[in-house]
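Report on the following structure.
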Amino acid sequence: MSLDGELGIESSAVALPARQGSRVTAETVLAAQKRSLELLVQGAPVEAVLADLARVVEDCAPRAVAAILTFDARGCLRTAAAPSLPAAFSSAIDALGATDLGGFGVAAATGLTAVTQDMAADPNWAAIRPLAQLIGLKAAWSHPIVTRDGRVVGAFGTYFREKRRPSPFELRLVETLSQTAALAIGRHESEAIMARQRHTLDLAMEAAEMGSWRYTVADNICLYDERAQRLYGLTDGRFLHDEAGVTRLIHADDIPRMWEAVAKAVHPLGDGRYNVDYRVRQLDGSWRWLSAWGLVEFEGEGAARQPVAITGASRDLTSAKLAEEHQRLLVNELNHRVKNTLATIQSIAYQSLRNADEIQAARQALESRIVSLARAHDLLTVQNWSGADLAEVVARAIEPFSAARFDITGPSVQLSPKQALALSMALHELATNASKYGALTTAAGRVEVAWRREVGTLSFTWRERGGHPVERPTRRGFGSRMIEHALSRELGGTTRLIYGSEGVVCEIAAPLA
């Protein structure tokens, strides 16, 4: 195919009458136009192609000066090519609105050729007449640049240094070259649209942390774009997808699943959809989870249908997989905590009711213990069950028992959830006993709660002052059994209850992580 045919111009469309009194012929113009078309095919900037077209007019009409104006993104006419005009003149043109652009504005607005035999007498040129006279321009005419779909995309103008009308040759010359200009501008617009679309796609792929790839069956090669190379930990976009390469790249546990997905996708009777998650080795030796999906390109029909390539994209799933694993661990932990809580409540209920003499008193004791357990759970929930500070555990436990009568001192000590629950229940029992039988039953009675942190050990003391003398009970109840046995077991330490002249003293020693 000829160059002009490739771009949609038939040779008959550029047949020009020979210019009388000149050696310029149709062949000369065709050769010049071919040069401009070659620039266009080679990807030259649209401004370079349009400037070349303007020079063709100036070469064929020596006393003419050509200029091409096109619409910018705001719909204003701007100089795209004016190789022989002073820059100041082009700048002045660009600063004007369409109604002040003389024949250029008329041609662009109406889609018709506008001829001005005397610029000095034409009011359309009033805005730029002084500057035109300064550089010796006296006549002008403009031809609209129209695309095949009928859009006016600019104006091809020619100035003369004497007052006259264009010859038939000049009219036909600019008309013909305007077709080439329309092709160049249309192609530039298409390329700009495609560039914006590619940029939009690139931004979307980057935002989604996705990369694209294409695997060809014939050579077993997968080509990765830059984003996919980063995702797969590759330094080369060309990857041989053989057994050795796959073993080096993909986690051994995921390779069978990957090949199964490939086999299903390329099956002649399948839907051609490829979708699989797997781990890939990174340059630092770590693993990254990826989700890969694509569509298979087939050739042939029926039994002769064969896969040619798979084109697709991959996305980083590492964060999602980590969140999924974290959620699984949380569910397991929740199940474990629920079972432990139910077991604790069952034990509390059994111990509270086992030797109860009065149902009402047992019910109240059971209710208060469950509420105490719930308060400890609330504190741990606020901390996402990562633990709790000892001071907060103490404050929550004594809150229902005239907290102003407690003297609390001690440094910040972080307890594990298990330690916090056990100590909270013990403090509830101690406070309950103090309010019924100990220091909190007298007006002057108080409770000192103090702790200190030694090397790897917590020393905790509950000391009642100003209360009645107390003796060891003859029958051990829920509270004493829980403190002396259950608390020691849960804390992994020792506890000691002392029944003194002013109330109960409880000493606790437990290891700290």
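Values in this text are rule-based calculations from the coordinates and carry no lab data. In this text, all values refer to a predicted model and were calculated from it rather than measured experimentally. Please note: Cβ atoms are built from the backbone with ideal geometry, for glycine as well, and neighbour counts cover all protein chains shown.
Observations, loosely collected:
- Thr461-Arg363 FRET efficiency (beta carbon distance; Förster radius 41 Å; 0.05 resolution): 0.80
- For the chain, the convex hull spanned by the alpha carbon atoms encloses 322 Å³ per residue.
- Neighbours of Ala431 by Cβ distance under 14 Å: Lys/Arg scored +1, Asp/Glu scored -1, total +2.
- Within straight-line reach of Lys418, meaning a Cα separation under 20 Å, sit the following lysines at least 8 residues removed in sequence or on another chain: Lys339.
- Relative contact order %, the stretch 270-336, counting alpha carbon pairs below 8 Å whose residues are six or more apart: 25
- Distance between the stretch 256-318 and the stretch 57-91 - C-alpha centres, whole angstrom: 54
- Remark: C-alpha extents of the stretch 399-513 on the principal axes read 39, 31, 23 Å, sorted largest to smallest.
- Range of Cα positions in the stretch 208-329 per principal axis (Å), largest first: 48, 33, 27
- Sites Ala403 and Ser319, calculated FRET efficiency, Cβ-Cβ separation with R0 60 Å, nearest 0.05: 0.85
- Positive minus negative residues near Gly245 (Lys, Arg vs Asp, Glu; Cβ under 15 Å): -2
- Note: relative contact order over the chain, using C-alpha pairs below 8 Å and six or more positions apart, is 7 percent.
- Mean residue ellipticity (222 nm) of the chain, computed from DSSP H runs ≥ 4 via -39,500 (n - 2.57), nearest 500: -14000 deg cm²/dmol
- Net charge of neighbours whose Cβ lies under 10 Å from the Cβ of Arg463, counting Lys and Arg as +1 and Asp and Glu as -1: -3
- Spatially proximal lysines relative to Lys163 (Cα-Cα < 27 Å; intrachain offsets below 8 disregarded): Lys138
- Cα Rg, Dmax (largest Cα-Cα span) when computed across the stretch 322-511, Å: 17.0, 59
- Span-rule helices in the chain, defined as complete DSSP H runs reaching 24 Å or more along the axis (Cα) with Kyte mean at least -0.5: 168-207, 318-354, 359-382, 417-436
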